[in-house]
Structure formats: structure tokens, C-alpha cells
């Protein structure tokens, strides 16, 4: 018969996973998401949906960032504009559809694409060219 103190069961592995996940999340800063509603009543559901969609921005940047989302309704047009600021980086996107939830989805996709291209550019800048001494040493080895 197994004792409960050995920590070999399914439950102990699940709690260990949960502890390791929370420990890894502590290092990532949170994104401050501010939602502004223009010409419509503020909805808690829309606010929570937007906060969940834009919370990933800080994880990509590995630093704290501010996200400001403006949702506007003009007759049958639902518009959205988002600005993400983190240090010197500032990303903006605008979108217009017939549904506010789809506006938030499309804005999140646009910002995600912009973040990926920015991270790709910074990664290519960080790779340095080989020095003359390294090139000469590589040629001598051949």
C-alpha cells in the first residue's frame, strides 16, 4: 500500500506542475490594459475579454507595457483603436467591423503581428558579423 507522503501520484504531479507554472509566471511583468468606451455603455464582459486578449503583450516583450484600447460605436460602425507602449516601443492599430468582439480579435491579431516583426528585427540586429580575425582563422583551417 502506498503512503500519501511519497508524492508519486497523479495529484502530487498536478500540484507540482501548478507550483512550477506560477513560479515561472512571477518573472513576467503584467500588462496594464485600459479600456475606454466612446458612445456606448461600459460592459464588464467586453472589458474582461479585451484584458484577456491583450495580456500576452508583456510576455512577448519581457517587460511591463501599457495597452490602451478605445472602443467606439457610430450608428452601425463599431471601431477600435489600440496603442501598446513599452519603453521606446509604441505600436498602434485600428479596425472597424460590425461586432465589437471581432474588433478586439482583429486588433489583437494586428498587434501580435507587429510584435513578432519587431522581435524579429531586434533578433537580427543582435546577431553580429564575424570579425576579420575569425574569418581568417576559418580560412586557415580549410
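All of the numbers you see were taken from the coordinates with simple rules; none came from a lab. Just so you know, these numbers come straight off a predicted model, no measurement behind them. For neighbour counting, all protein chains shown are included, and Cβ atoms are generated from backbone atoms with ideal geometry for every residue, glycine included.
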**Asked** What number, in percent, do you get for the relative contact order of the chain if the mean sequence gap of Cα pairs under 8 Å and at least 6 apart is divided by its residue count?
**Response** 16 percent
**Message:** For the chain, what does the helix formula give at 222 nm: sum of -39500 (n - 2.57) over DSSP H segments with n ≥ 4, over the residue count, nearest 500 deg cm²/dmol?
**Reply:** -16000 deg cm²/dmol
**Message:** So for each of 48-60, 67-79, 85-97 I average, over its residues, the number of other beta carbons within 10 Å; can you give me the resulting order with the highest mean first?
**Reply:** 48-60, 67-79, 85-97
**Asked** Of all DSSP beta bridges in the chain, what percent run antiparallel (nearest 5)?
**Response** 70 percent
**Item:** Longest to shortest principal axis, alpha-carbon extents of the stretch 62-142, angstrom
**Value:** 72, 24, 15
**Normalised convex hull volume, the chain, alpha-carbon set, Å³ per residue** = 235 Å³
